[in-house]
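Novice: The following block contains the structure, expressed as C-alpha cells.
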Amino acid sequence: MTQAKVAITGATGFIGRRLVEKLAIRGIPVTALSRHPVAAAARFPRAQFPQVRVIGYDPFDPASIAPGLTDATAVVHLAGEPISARWTTGVRAAIRKSRETGTRALVTAIAGMPGQPTTLISASACRYYGVSDSSRFAEDSPPGPSGDFLTDTTHRWEAEARRAADHDLRVVILRFGIALAVTERGRETLKRLRPFLGGRVGSGRQWVSWIHREDAIDILLRALDTPGMHGAYNATSPYPVRMRQVTDAFGRGSRSFVRVPVPAMVIRQLLGDGATVVLDGQRVHPDRLLADGFRFRFPQIDPAVYDILS
C-alpha cells in the first residue's frame with residue numbers, strides 16, 4: 001500500500017473495525033475518528049493496536065474533523081446511522097444527516113487542509129438504483145427515481161462525496177450490498193436462534209444484493225492500493241439471490257428443525273417504513289470489479305453462510 005496513514009470514520013462499525021484490524025496487520029498507521037473516543041479506545045487497545053490512534057470528533061463540524069485527518073494520505077468514510085430500525089421522524093433525520101451533512105462536513109474539512117489527503121473512499125449503498133423485482137443494475141445503470149427515502153438519501157450522500165474531486169482527490173464510491181458476518185456479540189444470539197433459522201422473510205422473492213464482510217474488506221483494501229480506481233463500484237457478490245435463497249442457506253447451514261416464516265405484515269409492524277430495508281430489494285452486479293480482475297472469496301451464498309455459521 002502506498003498510503004502512509006489512513007484516517008477512518010465509522011472505525012468501530014461493522015465494516016470499519018475489521019478494516020482497522022486488517023490495516024494494523026499490514027503495519028499501516030490508522031487514525032480512527034469516533035464520536036465516542038473512550039469506547040473506541042477500548043475497542044482498539046494500544047497494546048494490541050500500537051499503530052491505531054483514536055480521535056474524538058464532531059462529524060458535522062469541519063473544524064473538529066480536520067485534526068483527525070492530519071498527515072493522512074487517504075480517508076475511508078464509513079460513518080452513518082444504522083438503517084435497520086423503526087423509522088421515526090427522528091431516525092429518518094439522523095439517517096439523512098449522518099450521510100449528507102456528515103459527508104459534506106468531511107469534504108469541507110479536507111478542502112481546508114494545507115496538506116490534504118489524496119484519496120477519499122466513501123461508502124454508499126445499492127439503494128442508489130432504487131428497488132426492482134426484475135431489473136439488473138450495474139455501475140452504468142441510471143440512478144433510481146426520486147421519492148424513495150433511502151434512494152434520495154443515497155443520491156445526496158454520493159453527491160457530497162464527489163465534491164472531493166473538485167479538490168484534486170481521487171474519489172472511490174463503494175455501493176455496498178448487505179454485508180454478511182457475525183460479530184462476537186451476535187454469535188451468542190445466533191447459537192440460541194440456530195434451531196429456528198431458515199424461515200421465509202416476507203414473500204421470499206425480493207432480491208438480496210449481498211457481500212461477505214471479508215470480500216467487502218478486500219475491496220476497500222484494493223481501493224486503497226490501486227491509484228487507477230476511481231468513481232463508483234458495486235461492492236456486492238456477483239451472484240445476487242432471492243431472499244428465500246438466503247434463508248434456505250441459513251437453514252441448511254444451521255441444520256434448523258423449526259423454520260418459522262416471518263410475514264411481511266409482522267416486519268412492517270416492527271419496523272414501520274424501515275421494513276423496506278428487508279422487504280424490498282434490487283439485483284445489483286459488480287461489473288467494474290469483475291472487469292478489473294477482482295476475485296471474490298465468497299461469490300456464492302451457501303459457502304458464505306457456512307463460513308459465517310462456522
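Where a number appears in this text, it was derived from the coordinates with a stated rule and is not lab data. Just so it is clear, the structure is predicted and the values come from calculations on it, not from any experiment. Cβ sites come from the backbone with ideal geometry, for glycine too, and all protein chains shown count toward neighbours.
Novice: Whole-Hz Karplus ³J(HN,Hα) for the stretch 16-28, in order, using 6.51 cos²θ - 1.76 cosθ + 1.60 and θ = phi - 60°, x for Gly and Pro?
Specialist: Ordered by residue, 3J(HN,Hα) equals x, 5, 6, 5, 4, 4, 5, 5, 5, 4, 7, x, 8 Hz.
Novice: Whole-Hz Karplus ³J(HN,Hα) for the stretch 108-125, in order, using 6.51 cos²θ - 1.76 cosθ + 1.60 and θ = phi - 60°, x for Gly and Pro?
Specialist: After applying 6.51 cos²θ - 1.76 cosθ + 1.60, I find 4, 5, 4, 5, x, 8, x, x, 6, x, 9, 9, 10, 10, 10, 5, 8, 8 Hz.
Novice: Highest first, please rank the peptides 159-165, 218-224 by the mean number of other Cβ atoms sitting within 10 Å of their residues.
Specialist: Result, highest mean Cβ count within 10 Å first: 218-224, 159-165.
Novice: Please turn the phi angles of the stretch 236-246 into ³J(HN,Hα) values with the Karplus equation 6.51 cos²θ - 1.76 cosθ + 1.60 (θ = phi - 60°), one per residue in order, whole Hz, x for glycine and proline.
Specialist: Running phi through 6.51 cos²θ - 1.76 cosθ + 1.60 with θ = phi - 60° gives 9, 4, x, 10, x, 9, 6, 4, 5, 6, 5 Hz.
Novice: Measure out, as a whole number of angstrom, how far apart the alpha-carbon centroids of the stretch 232-310 and the stretch 164-179 sit.
Specialist: 23
Novice: Please identify every one of the trypsin sites (Lys or Arg not before Pro) in the stretch 233-267 that sits in a loop by DSSP and has no more than 13 other beta carbons within 10 Å of its own beta carbon. Write down the numbers at each step before the final one.
Specialist: On the way: sites: 242, 244, 252, 255, 259; in loops: 255, 259.
Those that pass, being in a loop and sparsely packed, are 255.
Novice: So who's got an amide H within less than 5 Å of the one on residue 210, skipping anything under 5 residues away but keeping other chains? H placed 1.01 Å off N, in plane.
Specialist: Hits under the 5 Å cutoff: 178, 237, 241.
Novice: Rounded to the nearest 5, what is the percent of antiparallel bridges among the DSSP beta bridges in the chain?
Specialist: 5
Novice: Would you order 87, 207 from fewest to most other beta-carbon atoms within 10 Å of each residue's own beta-carbon?
Specialist: Arranged by neighbour count, lowest to highest, 87, 207 become 87, 207.
Novice: OK, next. I want to verify a result. In a Gaussian network model of the chain, Cα cutoff 10 Å, which of these has the top mean-square fluctuation: 50, 29, 286?
Specialist: Fluctuation is largest for 50.
Novice: Follow-up question, since we're still on this one. Just rank 23, 78, 309, 270, fewest to most, by other beta-carbon atoms within 10 angstrom.
Specialist: Listed from fewest to most nearby Cβ atoms, that is 270, 309, 78, 23.
Novice: As an exercise, find the ratio Rg/Rh for the stretch 53-210 from alpha-carbon atoms, using the Kirkwood inverse-distance average for Rh.
Specialist: Ratio of gyration radius to Kirkwood radius: 1.02.
Novice: Assign one of three labels to the stretch 71-146, namely rounded, prolate or oblate, based on the Cα gyration tensor with a ≥ b ≥ c the square roots of its eigenvalues; rounded applies when a/c is under 1.5, prolate when it is not and a/b is larger than b/c, and oblate otherwise.
Specialist: Because a/c hits 1.5 or more and a/b fails to exceed b/c, the stretch 71-146 counts as oblate.
Novice: Fewest Cβ neighbours within 10 Å first, please rank 279, 150 accordingly.
Specialist: Ordered from fewest to most neighbouring Cβ atoms within 10 Å, 279, 150 come out as 279, 150.
Novice: Let a ≥ b ≥ c be the square roots of the eigenvalues of the Cα gyration tensor of the stretch 224-305; is it rounded (a/c under 1.5), or, if not, prolate (a/b larger than b/c) or oblate?
Specialist: Verdict is oblate for the stretch 224-305.
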